[in-house]
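Scroll down for the structure; my scribbles are underneath it.
The values are calculated or read from the model by the stated rules, or taken from the named source; none is laboratory data. Here the structure is a predicted model, which means the values were calculated and not measured. Every residue, glycine as well, gets a Cβ built from its backbone with ideal geometry; the counts of neighbours run over all protein chains shown.
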């Protein structure tokens, strides 16, 4: 890390030895501190500063996999009628079966 950054995620993966996939997932989940680049565009690019890379290495060396704020208590169960529950299960099943549509 001779340069101050910003570094792209593939560069961070090469520097730290972590897999690119795990870094991308952590950024999506909000467990890895990063800077989005190109806000408002269809494709979001993520970059990290040298400080963020150092923090990532420190946290991973301690064995922490999720940020403390990301570990929230589950929401209390709501009173759901049998009909609402059946509708939700049907929607979930249809979403799994339906082919994904490409938006041009």
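Within segment 8-19, how many residues turn out to be in contact with a helix residue (DSSP H, G or I) (Cβ under 7 Å, 6 or more places away or on another chain), surrounded by fewer than 14 Cβ atoms within 10 Å (Cβ to Cβ) and farther than 12 Å from residue 46 by Cα?
Final tally of qualifying residues: 1.
Do you know which of the residues in segment 71-98 that are part of a helix (DSSP H, G or I) and within 30 Å of residue 31 (Cα to Cα) is modelled with the lowest pLDDT?
Result: 96.
What single numbered condition from (1) surrounded by 16 or more Cβ atoms within 10 Å (Cβ to Cβ); (2) modelled with pLDDT under 85; (3) touching a strand residue (DSSP E or B) at 6+ places or on another chain (Cβ under 7 Å) fails to hold for residue 38?
(1)
Are any residues in segment 10-24 out of contact with any strand residue (DSSP E or B) (no Cβ under 6 Å at 6 or more places or on another chain), within 19 Å of residue 58 (Cβ to Cβ) and outside any loop (DSSP other than H, G, I, E, B), and if so, which ones? Working first, answer last.
To start, the set of residues in segment 10-24 that are out of contact with any strand residue (DSSP E or B) (no Cβ under 6 Å at 6 or more places or on another chain) comprises 10-11, 13-24.
Within this subset, residues satisfying the condition of being within 19 Å of residue 58 (Cβ to Cβ) are 11, 13-19, 22-23.
Those that are out of contact with any strand residue (DSSP E or B) (no Cβ under 6 Å at 6 or more places or on another chain), within 19 Å of residue 58 (Cβ to Cβ) and outside any loop (DSSP other than H, G, I, E, B): 11, 13, 14, 15, 16, 22, 23.
Between a first residue in segment 50-63 that is on the phi > 0 side of the Ramachandran plot and a second residue that is assigned to a helix (DSSP H, G or I) and modelled with pLDDT under 85, which pairs have beta carbons less than 6 Å apart while being 6 or more apart in sequence or on different chains?
If the second residue must be assigned to a helix (DSSP H, G or I) and modelled with pLDDT under 85, no pairs are left.
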